[in-house]
Amino acid sequence: MEYKDVLAYYLDAKGISAAELARRIDSPRSTVNELLKGRAKDPKLGTAKAIADALGVPLEEMVAMLYDSPDC
């Protein structure tokens, strides 16, 4: 599984738009869109933590989804 898939999953599960996530992490919407499109493969650790916090999900849970999927 790729980061874009994990991010899309949590945005959908939490009912949060890309624009709302960008607002919550005080980042341009283009940054979130680049992550969702897979153009930016993995965010920096600080950004990943901010995203996890904004989604109300432990960062460790998001990372586990990246490495525990059968696609790995």
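A compact table of results
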| item | result |
| --- | --- |
| Debye, to nearest 20: dipole size of the chain, +1 on Lys, Arg Cβ, -1 on Asp, Glu Cβ | 380 debye |
| Average accessible area per residue (Å²) across segment 19-72 - probe 1.4 Å, nucleic acids and ligands excluded | 65 Å² |
| Taking the chain and dividing mean pair separation by its residue count, relative contact order in percent (alpha carbons under 8 Å, at least six apart) | 41 percent |
| Contour minus Cα-Cα distance for D26 and D53 (0.36 nm per residue) | 8.5 nm |
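The values are calculated or read from the model by the stated rules, or taken from the named source; none is laboratory data. Note that the coordinates shown come from a computational prediction; the quantities given were computed from them, not determined experimentally. Cβ: placed from backbone, ideal geometry, glycine included. Neighbour counts: every protein chain shown. Areas reflect the complete protein model, heavy atoms only, side chains present, ligands, DNA and RNA absent. Shrake-Rupley method; radii C 1.70, N 1.55, O 1.52, S 1.80 Å.
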